[in-house]
Protein chains: 2
Amino acid sequence: MRTLLRSSLRHLAARRAHYSDASKVKRHLLSRIYQPGNRWMENSPEIQAKSNEPSSKSQRLLYKAGLIRPASPGCFHYLPHTVRSMEKLILVIDRAMQEVGGQKIDMPTLCSAALWRQSGRWDLVGTELLCLTDRHNREYCLGPTHEEAVTDLVGTEGGISYKQLPLLLYQITRKFRDEKRPCFGLLRGREFYMKDMYTFDINEEAAYQTYNNVCDAYSNIFSTLDLKHVKVQADTGNIGGKMSHEFHLPASIGEDRLLVCGTCDFAANVETLHPDEENCPSCRGQLTESKGIEIGHTFYLGTKYSHIFNAVCIDAENKPVVAEMGCYGIGVSRLLAASLEVLSTEEDLHWPNLIAPYQICLIPPKKGSKEMAASFVAEELYDDICTIPCMRNEAVLDDRVHLTIGKRVMEAHLLGYPYVIVIGKKALESPPMFEVQNHRTGEVQFLSKEGVLSFIQDVPVI
Amino acid sequence: MRTLLRSSLRHLAARRAHYSDASKVKRHLLSRIYQPGNRWMENSPEIQAKSNEPSSKSQRLLYKAGLIRPASPGCFHYLPHTVRSMEKLILVIDRAMQEVGGQKIDMPTLCSAALWRQSGRWDLVGTELLCLTDRHNREYCLGPTHEEAVTDLVGTEGGISYKQLPLLLYQITRKFRDEKRPCFGLLRGREFYMKDMYTFDINEEAAYQTYNNVCDAYSNIFSTLDLKHVKVQADTGNIGGKMSHEFHLPASIGEDRLLVCGTCDFAANVETLHPDEENCPSCRGQLTESKGIEIGHTFYLGTKYSHIFNAVCIDAENKPVVAEMGCYGIGVSRLLAASLEVLSTEEDLHWPNLIAPYQICLIPPKKGSKEMAASFVAEELYDDICTIPCMRNEAVLDDRVHLTIGKRVMEAHLLGYPYVIVIGKKALESPPMFEVQNHRTGEVQFLSKEGVLSFIQDVPVI
């Protein structure tokens, strides 16, 4: 048996090596990445035909840099850089949700019309629902949100034990909304990624506590991404419930009008106030209007859905109690676009650093230039950066050495890599010095190889 | 500037700490995980009403263990354990695809009918397509596969430079198929996860090389998961093209009939051979029939789609050449279910170890038992396991101490954790000894704490 165990361990060790073998790291070469921006004009007739809709800065830059492409109105292809950024953003959200006890599930896109009729939302949401009929004439909608589905799921199980409360279930999936007028690229699409969480508690007090915890987690997410945001009281719309808040990134392109009090911490979506209201309802202070892009929305639902679908908690006396629910959404693809909208300049993309597609772009000398002698030093530096475990997949080498350094630096800034490292003239000095550009601050430093590696080691990654 | 840099570094370091602070590890407590199996009967009227369809072993066990729930025919809710396993499987596939140069993109579910009419597949695929009309009366299907979309995407860009070839684009997204008779749970659903890759080459020779590379990557994925699989020649069906292979897991529940030669390496789906064929067409050897579950399908497409959507490569002389394409699918949720189908016993789930929801289930003593004195040792062991970096999120503590050890061990085996660690009588000895059960082999060992930790360090994880 001992031999068996040893051989099985050897087998395991070999497999493990397969997954952590640093020598297997592939170089990420920019020339190989599918990013067709250079050959493509944002106002070509092909593109106009596919997406004849109002544009936004983030959309224009994402097109220009070759990071997204329109498929049909409000629907986009995400190209490789964008997928990387989305996956990082999803990881940030996963961690925040799991820190407050969220459990990740995955519910179908196809939502049975019967459930939506039961809640009364089939007709209420109306033309915004994308609906279809299957070969057996059963009706479905493509879920824009999943209150019915999750409450029915939990209701069918016959009761959540008080020991399991609060129960927080969430998913990050594509959602669908038949927008009359999709616009601004990923900001208002018809097919988009959303994180939706649903919570179950045994009484109002516990449910309000859960509600506040999730709201705090939302603020943490936006702070982690270094995004200035504002939380405002909001309308409950067709979701319903007793209380609601929205999270906004202030931006002139925002479609919501917000009123923020200069004296106390009151803030509201203008649609929640009486049209004649000029002063803060809490302290009568002055209200200032600004515009915001909605990136999150929370609802205290009460028993609206749990009552219909019989989702109950079982208390310590073994008695069923209709669950108090909350629901909480973050538009994930919209958050990505909104953060590009508020951080970018007119010329260059700026991502929240943590979720930039790559942290570092390394630019070696032009072929045939005087600095070309430093090419080897450049590749060595690149490989050394990749040996830093957290940077293994975070550096891209711009090997398009037929282009000048200047042209490639310009493109690197358009794309918004947080750090651009240029291997220029000073790389021929002894010791070689490298130019490290901080895209956000514009700061430039010349560092030795050790300096670069030590600097990079402290770059936060997810 | 130096001060600025230092303070910015401190800021970065603080953020980084947030993401790697081991002290923030949360215990994964089984009592908190939403896994409603215990209260739920697989043949309850509620469930029967939702999914009145032929069942399979994997489906029965996934229901029983509380890992999936039916939503509507062929559509399932994935509960937390299943989502963990799916995410690991996706990571395995991502790595394999990226090792052969695959680049991950993400295309919309809503596929414009116009594209599908252009390729002639709108009518060809017919009733298997789930179709809908939006508020502006534009028609779409929910993409079951994306040849049209990806070829149009690439075609619109006006030509792939020969320097970028081969171009391999893939995505892992939900796909839809209006199965007449969805059955066997995740094995044949109407909404499911699929990895689909599309490749572009400049000539047949290069395209065959790419085709073979991707086929090899497929074999590697299945081997990494320790799955015995067979590759057979296959029909090109409605996808079309010049050549096709399927990958199967041999299983009696499989819906495909395979013929495998006992002499040479010929193997084929029976539908590709003449009904009267009794011997191997290559060597005239004896053919043996078996059944298989299809988990992967590859197609050499030639120019079928590139011709229609004008997807061209630009050769070294700057001339456009219609691209030679391949397409390659893995049914991701089906692969998960199929591997459970072939590895599990009638009583217990067995996952490919690498993608089990958790690697380890730790079972502390029952409350009120003699062994209860070892509870503290159990929690300490659990926390120590979580300090091993790769095990940080891989161990679950079965804290339902009102249940006997025996009952919990039984449930742990139903759920299929690869390693079950029982803190029983011997944990009271000095030094404490722990029972480590290998779920796959049935092997049981008693190890000291150091022994457990050193054993666990070698468990492969993704």
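Annotations for the structure displayed:
- Top-ranked residue of the stretch B:144-156 - restricted to ones that are more than 10 Å from chain A (Cβ to nearest Cβ) and closer than 26 Å to A:ALA65 by Cβ, ranked as surrounded by the fewest Cβ atoms within 10 Å (Cβ to Cβ): B:GLU148
- The stretch A:436-462: number of residues that are within 14 Å of chain B (Cβ to nearest Cβ), part of a helix (DSSP H, G or I), over 15 Å from A:LEU354 (Cα atoms) and open to solvent by 10 Å² or more (accessible area, probe 1.4 Å): 4
- Residue within the stretch A:118-132 that is surrounded by fewer than 22 Cβ atoms within 10 Å (Cβ to Cβ), touching a strand residue (DSSP E or B) at 6+ places or on another chain (Cβ under 6 Å) and at pLDDT 95 or above present: yes
- Residues of the stretch A:407-430 satisfying the condition of being part of a helix (DSSP H, G or I) and open to solvent by 50 Å² or more (accessible area, probe 1.4 Å): A:LYS407, A:MET410, A:LYS425, A:LYS426, A:LEU428
- Residue pairs meeting the criteria (Cβ under 7 Å; at least 6 apart or on separate chains; first more than 14 Å from every other protein chain (Cβ to nearest Cβ), in the stretch A:113-127; second open to solvent by 30 Å² or more (accessible area, probe 1.4 Å)): A:SER119/A:ILE308; A:ARG121/A:ASN238; A:LEU124/A:ASN238
Listed here are the residues, each with its yes/no results for (1) outside any strand (DSSP E or B); (2) touching a Phe, Trp or Tyr at 6+ places or on another chain (Cβ under 7 Å).
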residue	(1), (2)
B:GLN209	yes, no
B:VAL214	yes, yes
B:ASN220	yes, no
B:SER223	yes, no
B:LYS228	yes, no
B:VAL232	no, no
B:THR236	yes, yes
B:ILE239	yes, yes
B:PHE247	no, yes
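- Which numbered condition B:GLU205 fails, given (1) acidic (Asp, Glu); (2) within 10 Å of another protein chain (Cβ to nearest Cβ); (3) free of Cβ contacts under 8 Å to residues at least 24 places away in the same chain: (2)
- Elements of the type strands (runs of 3 or more DSSP E) sitting completely within the stretch B:122-187 and holding at least 1 residues that are under 30 Å from B:SER56 (Cβ atoms) and of a type in the set (Lys, Arg): these cover B:167-176.
- Of all residues in the stretch B:210-232, at least one satisfies being small (Gly, Ala, Ser), within 21 Å of B:SER333 (Cβ to Cβ), open to solvent by 20 Å² or more (accessible area, probe 1.4 Å) and out of contact with any Pro (no Cβ under 8 Å at 6 or more places or on another chain).
- Pair list, Cβ under 7 Å, 6 or more apart: the stretch A:165-189 residue under 23 Å from A:VAL100 (Cα atoms) and assigned by TED's automatic domain parsing to the domain that holds A:LEU153, other residue surrounded by fewer than 22 Cβ atoms within 10 Å (Cβ to Cβ) and of a type in the set (Phe, Trp, Tyr): A:LEU167/B:TYR34; A:LEU169/B:TYR34
- Sole residue being at negative phi, open to solvent by 10 Å² or more (accessible area, probe 1.4 Å) and touching a Ser or Thr at 6+ places or on another chain (Cβ under 7 Å), chosen from A:MET433, A:MET372: A:MET433
- Residue count for the stretch A:128-143 satisfying the condition of being within 9 Å of chain B (Cβ to nearest Cβ) and either free of Cβ contacts under 8 Å to residues at least 24 places away in the same chain or within 30 Å of B:GLU87 (Cβ to Cβ) (or both): 9.
- Within the stretch A:71-94, restricting attention to residues that are in contact with a strand residue (DSSP E or B) (Cβ under 6 Å, 6 or more places away or on another chain) and more than 8 Å from chain B (Cβ to nearest Cβ), the residue that is nearest to A:CYS215 (Cα to Cα) is A:ILE93.
- Residue that is surrounded by the fewest Cβ atoms within 10 Å (Cβ to Cβ), among those in the stretch A:183-198 that are farther than 16 Å from B:CYS111 by Cβ and touching a Pro at 6+ places or on another chain (Cβ under 7 Å): A:CYS183
- Take the conditions (1) open to solvent by 30 Å² or more (accessible area, probe 1.4 Å); (2) without any contact (Cβ under 8 Å) to a residue 60 or more places away in the chain; B:CYS390 misses just one of them, which is (2).
- Under the condition of being at the interface with chain B (Cβ under 10 Å from one of its Cβ atoms) and either of a type in the set (Asp, Glu) or surrounded by fewer than 20 Cβ atoms within 10 Å (Cβ to Cβ) (or both), the residues counted in the stretch A:157-170 number 5.
- Checked against the criterion of being among the aliphatic types (A, V, I, L, M) and farther than 23 Å from A:ILE68 by Cβ, the candidates A:VAL401, A:VAL396 yield just one match: A:VAL401.
- The one condition in (1) in a strand (DSSP E or B); (2) in contact with a Gly (Cβ under 8 Å, 6 or more places away or on another chain); (3) more than 24 Å from B:LEU153 (Cβ to Cβ); (4) open to solvent by less than 50 Å² (accessible area, probe 1.4 Å) that B:LEU259 fails to fulfil: (2)
- Meeting the requirement of 2 or more residues that are of a type in the set (Gly, Ala, Ser), the strands (runs of 3 or more DSSP E) wholly within the stretch A:272-383 are A:287-302, A:324-331.
- Of the residues A:ALA207, A:ALA149, the single one that is more than 27 Å from A:THR272 (Cβ to Cβ) and either at pLDDT 95 or above or polar (S, T, N, Q) (or both) is A:ALA149.
- Matching residues, the stretch B:220-236, being among the polar types (S, T, N, Q) and farther than 14 Å from B:THR272 by Cβ: B:ASN220, B:SER223, B:THR224
The values are calculated or read from the model by the stated rules, or taken from the named source; none is laboratory data. If you're wondering where the values come from, they're calculated on a predicted model, not measured in any experiment. No Cβ is skipped: glycine too gets one built from the backbone with ideal geometry, and neighbour counts run over all protein chains shown. Areas reflect the complete protein model, heavy atoms only, side chains present, ligands, DNA and RNA absent. Shrake-Rupley method; radii C 1.70, N 1.55, O 1.52, S 1.80 Å.
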